[in-house]
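Down below is the structure, laid out as structure tokens.
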Amino acid sequence: MRTLLIAGNWKLNPTTAEAAALLADGVKQGLGSATDVHVALAPPFVFLTKVDQVLEGSPIGLAAQDLYWENNGAFTGEVSGPMLVDVGCTHVIIGHSERRHGQGETSGQVNAKLKAALAAKLIPIVCIGETKDERLAEKTEEVLLEQLVGSLAGLSPEEMAGVVLAYEPVWAIGTGLTASPEQAQAVHAFIRNWLTQTFGAATAGRVVVQYGGSVKPDNAAELLGQPDIDGALVGGAALKAGDFLGIIKAGQDVMARGK
Ligand code: PEP
């Protein structure tokens, strides 16, 4: 059985450490000691230490939004896996569509970052997803296949079992448009099938595959109730503790029903 992972990607928000601490504390107080779903918060790099302090004593994981594939050296502006571990990170998001499309990040680079994350013993959350044009051109599976093959190249089944995937249709991120539960489940089943063919059924059965794209408290239950959707990567709704806790509650209800 896979435990749902609900992760909040704060992106370039909020502006101050004080506001970051307040948001993290709101989630911490609301969740309490519950571990029936896994929860992680991904603040900007500069607030990681502050948020780590706030989260002390809580089961909430701390995620970075990116990392570099080298550990040290002349790489201005980059942050490495061992540095993230040193400030308390447990997870790291890799290959978010805003990096793939905004910064031109390739699946080859995502693969190098993924290997660096695994070497640092961080739990990687690897994002994949098609654009609106690609979906309209019926290229969703082709695009996902390129991203899966390129991003996950060279992993052993054991390594793969420790990787979280996030299927995030680009057209649904921050747009208010959400894939219908049936649309999302169909893609998640495609991903699970590819994992089975590539890494074997035992590994495929262990991989957590999140959905991301305008997940809100009022659509979370239906999405999280789908058989191959194992959590959510949440952007906008993660910036209000109440909304994020509403999504977590939907996940807890799904787990309680014995997903
Ligand atoms: C995201 O940032 O990964 C995301 C899914 O954002 P939103 O929930 O705002 O669509």
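The values are calculated or read from the model by the stated rules, or taken from the named source; none is laboratory data. This one's a predicted model, so the numbers in the text were calculated from it and none came from an experiment. Methodologically, a virtual Cβ is constructed for each residue, glycine included, from the backbone with ideal geometry; neighbour enumeration extends over all protein chains shown. Just the protein is used for accessible areas: all its heavy atoms, side chains included, with ligands, DNA and RNA removed. Shrake-Rupley method; radii C 1.70, N 1.55, O 1.52, S 1.80 Å.
If I filter the stretch 135-169 down to residues being among the β-branched types (Val, Ile, Thr) and surrounded by fewer than 19 Cβ atoms within 10 Å (Cβ to Cβ), which single residue comes out as nearest to residue 208 (Cα to Cα)? It comes out as 149. All of 128, 123, 94 fail the test of being within 17 Å of residue 170 (Cα to Cα) and either in contact with a Cys (Cβ under 8 Å, 6 or more places away or on another chain) or open to solvent by 10 Å² or more (accessible area, probe 1.4 Å) (or both), apart from 94.
The rows are residues; the columns are (1) touching a strand residue (DSSP E or B) at 6+ places or on another chain (Cβ under 9 Å); (2) over 23 Å from residue 238 (Cβ atoms); (3) assigned to a helix (DSSP H, G or I).
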position	(1), (2), (3)
155	no, yes, no
165	yes, no, no
171	no, no, yes
177	no, no, no
184	yes, no, yes
189	no, yes, yes
198	no, yes, yes
202	no, yes, yes
210	yes, no, no
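Within the stretch 190-211, the set of residues being closer than 17 Å to residue 223 by Cα and either open to solvent by 40 Å² or more (accessible area, probe 1.4 Å) or within 16 Å of the ligand (Cβ to nearest atom) (or both) comprises 190, 208, 209, 210, 211. Among the conditions (1) part of a loop (DSSP other than H, G, I, E, B); (2) more than 11 Å from the ligand (Cβ to nearest atom), residue 214 misses just one, which is (2).
Considering only the stretch 1-48, state which residues are open to solvent by less than 10 Å² (accessible area, probe 1.4 Å) and of a type in the set (Asp, Glu). None; the set is empty.
Scanning the stretch 61-74 for residues that are away from the ligand (no atom under 16 Å from the Cβ), aliphatic (A, V, I, L, M), touching a Leu at 6+ places or on another chain (Cβ under 7 Å) and open to solvent by 60 Å² or more (accessible area, probe 1.4 Å) turns up nothing. In the stretch 233-241, the condition of being open to solvent by less than 30 Å² (accessible area, probe 1.4 Å), in a loop (DSSP other than H, G, I, E, B) and within 15 Å of the ligand (Cβ to nearest atom) is met by at least one residue.
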